[in-house]
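Chemist: First the structure, then my questions, so here it is.
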Amino acid sequence: IVENPATAQPTGVHINARNPDDIAWGINLALEDRKRLKSWGKNARQRVLDNFTWQKAAEQTLQIYKEVV
C-alpha cells in the first residue's frame, strides 16, 4: 500500500494515510487476493532494484554535479 499515486500501479493501491477507513480498505484489498499481493510485491521489489540502488544514487548525484558545473 502506497500513498503516492505516481507509484501506485502496479505495486499497490493509493490510499489516504490519514483516513483509517481508507487504510482498512487498502489492507483488505491486498489480503483478499494473494496472487495480486504477490504480484505487487514482485513489482515493488523490481522497482526498488531499478531505481533505488547505491549505484543509481551515485549516478544521479554525479549528473547533478555535472549540471551545476
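Chemist: Among the residues of region 24-37, are any assigned to a loop (DSSP other than H, G, I, E, B) and surrounded by 11 or more Cβ atoms within 10 Å (Cβ to Cβ)?
Modeler: Yes, some residue in region 24-37 is assigned to a loop (DSSP other than H, G, I, E, B) and surrounded by 11 or more Cβ atoms within 10 Å (Cβ to Cβ).
Chemist: Between a first residue in region 13-27 that is closer than 16 Å to Trp40 by Cα and a second residue that is in a helix (DSSP H, G or I) and among the aliphatic types (A, V, I, L, M), which pairs have beta carbons less than 8 Å apart while being 6 or more apart in sequence or on different chains?
Modeler: Pairs found: Val13/Leu29; Val13/Ala30; Ile15/Ile23.
Chemist: If I ask for residues that are of a type in the set (A, V, I, L, M) and more than 27 Å from Ile15 (Cβ to Cβ), which ones from region 25-69 would you list?
Modeler: Taking region 25-69 first, the residues of a type in the set (A, V, I, L, M) are 27, 29-31, 37, 44, 48-49, 57-58, 62, 64, 68-69.
Selection gives Ala57, Ala58, Leu62, Ile64, Val68, Val69.
Chemist: Filter region 38-69 for residues that are aromatic (Phe, Trp, Tyr) and either touching a Phe, Trp or Tyr at 6+ places or on another chain (Cβ under 6 Å) or surrounded by 11 or more Cβ atoms within 10 Å (Cβ to Cβ) (or both) and give the result.
Modeler: Matches in region 38-69: Trp40 only.
Taken together, the values in this text are just the output of simple stated rules run on the coordinates, not laboratory data. Just so it is clear, the model here is predicted, and its values are computed rather than measured. As a convention, Cβ positions derive from the backbone with ideal geometry for all residues, glycine included, and neighbour counts pool all protein chains shown.
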